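Just below is one structure, and these are the notes that go with it.
The values are calculated or read from the model by the stated rules, or taken from the named source; none is laboratory data. These figures come from a predicted structure and were not determined experimentally. Here the Cβ positions follow ideal geometry from the backbone for every residue, glycine too, while neighbour counts run over all protein chains shown. SASA here: full protein model, heavy atoms, side chains in, ligands and nucleic acids out. Shrake-Rupley method; radii C 1.70, N 1.55, O 1.52, S 1.80 Å.
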Amino acid sequence: MKNLIKHITFILLLVSVSACNTEYLDPNSTLEPDVVNNTDNLIELLNGVQKRWSSDRSGAVYTYTSISGLNTGELRLLNPGNLGEAEIDLGGNNVNGGNELLINIWTNIMLCRKEATTVIEAADVATDDTQIANSLKAYGLFYRALSHGTLIQYFEQLPLEIIENGTFSTKTIVLDNAIADLTEAKSYINSGLSTSVTAGVFDSVDLENSVNALLARFNLMNGAYLAAIDAANEIDLTVSSTWEYDASVPNPLAFWFGSQNVTQAKDLTFGLPSDLLPDNDDERVSFYVTAEDLNAANPDYQAVGFFLNNLDEIPVYLPGEILLIKAEAYAREDDLTNAVIELNKVLTKTAATDAFGLGANLPAYAGALTKEAILDEIYRNRRVELYLTGLSLEDSRRFNRPGATAADAERNRDYYPYPNSERDNNTNTPDNPTS
């Protein structure tokens, strides 16, 4: 009877996703030993991690987009009855450890991290085939690095170990850890991935390019500018890597924007101050934001782009982000000539030449050839090109834009309080940030 119950329980954990005919294992479930000792089940667990990351209102894609978007003026609140979003929109002391979005982003990303670690640690036990084991680890390392590198953009510190009362590490250490995971994943990818693994995982995410994209992103955030450039140079910008959706697992942002009950595009400023507003001829503006009557006194702005239809795929990274990473890294290394070359690739890029049809189609940079002016132009373009990617809060801090306590604040919080769910269960949880 016990074995029958275990068998039934395991079957209930397997769910079919119709768009890709790929199974996933729900990472919110208790894992029996036979689950982690079987490579097929580890593949299904990886698919479960991807689904948890990219779908639902509690998932990472919805929560980090909503938190950063409401904080930095990309989004407006439609219904203050959505208390979690309303508190984030107000910012400051209105946000505490009981906020629903903070609990969701912390809990679900930590759960993704936990299950990715399960795959990494179980791979060598589940198979004697080194290539299969290393392929499983490559995917697990990617998701663990994605988890750490994303969550540290919202909280000052994170616990890196999955233990009771784990100690918290600073942002630099967390990013170093994520970069180490990605570097290890890259070594497995370079050795060749097993088709028995790649054929079983959701195939919308291009692992090799995505690993390099995260290496470029996190090295930039960590001030390792030359390493960021090296990683960016290895990315094929013609290849798309996306979170994929279908009728049963819809694009969470498109679904909730479509409800007209939670949030929507705020306006055409992309959260930028008056001296950095998008160019009037910037074609990316209409790609991302529209209104039935743009000339109305108070247009009802709507987010479009990757968020119009429930089946729209959301990029894991954008080609424009990679170009702007290189531009910023060169500028911070005082190589202004190469910084402008990379910046111009974004400014002059047309929809027809971009993997996602996203292009500014503007003239080349004609501003001052100073580090400050070029970085300002890079920041402007990051905010427009990377609209609703969840990167706006990190960008605002990194470019030293006016913080939450400044008179001309461009964000309503600098970092967020730790969720009560963590504080109540971990005595090492640090004090909450003051702003």
Which log10 I(q)/I(0) values, to two decimals, does the chain give at q = 0.08 Å⁻¹ under the Debye formula with one point per Cα? -0.44
With a Cα-only, solvent-free Debye model of segment 393-435, what are the log10 I(q)/I(0) values at q = 0.15, 0.20, 0.25 Å⁻¹? -0.46, -0.66, -0.80
Rounded to a whole number, what % of the accessible area of the chain do carbon and sulfur atoms account for, probe 1.4 Å? 47
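Just to be sure I understand the rule: take each whole DSSP H helix in the chain, project its Cα atoms onto its long axis, keep it if the span is 24 Å or more and its mean Kyte-Doolittle hydropathy is at least -0.5. Which ones pass?
Membrane-span-like by this criterion, though nothing is claimed about a membrane: 100-126, 130-151, 171-191.
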Suppose every Lys and Arg Cβ carries +1 and every Asp and Glu Cβ carries -1, with no other charges. What dipole size does the chain come out with about its Cα centre, to the nearest 20 debye? 480
Defining a contact as two alpha carbons under 8 Å apart and six or more residues distant in sequence, what relative contact order in percent does the chain show? 18
Report, in whole Å, the centroid distance computed from the Cα atoms of segment 225-268 and segment 106-177. 22
Between Asp181, Asp414, Asp124, which gets the highest mean-square fluctuation from a Gaussian network model of the chain, Cα cutoff 10 Å? Asp124
Using the Cα centre of the chain as origin and beta-carbon charges of +1 (Lys, Arg) and -1 (Asp, Glu), tell me which of Gly98, Gly223, Tyr301 is placed farthest towards the positive end of the dipole. Gly98
Cα shape, segment 187-306, gyration tensor, a/c 1.5 rule: oblate
Candidates Asp176, Asp56, Asp293: whichever shows maximal mean-square fluctuation once the chain is modelled as a Gaussian network with Cα springs under 10 Å: Asp293
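What is the dipole size for segment 28-118, taken about its Cα centre, with +1 at each Lys and Arg Cβ and -1 at each Asp and Glu Cβ, in debye to the nearest 20?
The dipole magnitude comes to about 180 debye.
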Under 22 Å from Lys326, Cα to Cα: lysines that are on another chain or at least 8 residues apart: Lys171, Lys186, Lys345, Lys349, Lys371
Using only the Cα atoms of segment 42-168, build the gyration tensor, take square roots of its eigenvalues as a ≥ b ≥ c, and label the shape rounded, prolate or oblate: rounded if a/c is under 1.5, else prolate if a/b is larger than b/c, else oblate. prolate
Roll a 1.4 Å probe over the protein heavy atoms and report the accessible area of Thr434 in Å², nearest 10. 130
Per residue, how much accessible area does the chain show when a 1.4 Å probe rolls over the protein heavy atoms, in square angstrom? 40
From the residues Val285, Leu237, Gly258, which one has its Cα farthest along the dipole of the chain in the positive direction, the dipole being from +1 and -1 charges on Cβ of Lys/Arg and Asp/Glu about the Cα centre? Gly258
Which residue fluctuates the most in the chain, going by a Gaussian network model with Cα springs under 10 Å, if the choices are Ser194, Ser210, Ser274? Ser274
Nearest 20 debye, what's the magnitude of the dipole of segment 72-220 about its Cα centre given +1 on Lys and Arg Cβ and -1 on Asp and Glu Cβ? 240
Specify which residue in the list Asn426, Pro363, Tyr379 is farthest towards the positive end of the charge dipole of segment 315-435, using unit charges on the beta carbon of Lys, Arg (+1) and Asp, Glu (-1), about the Cα centre. Pro363
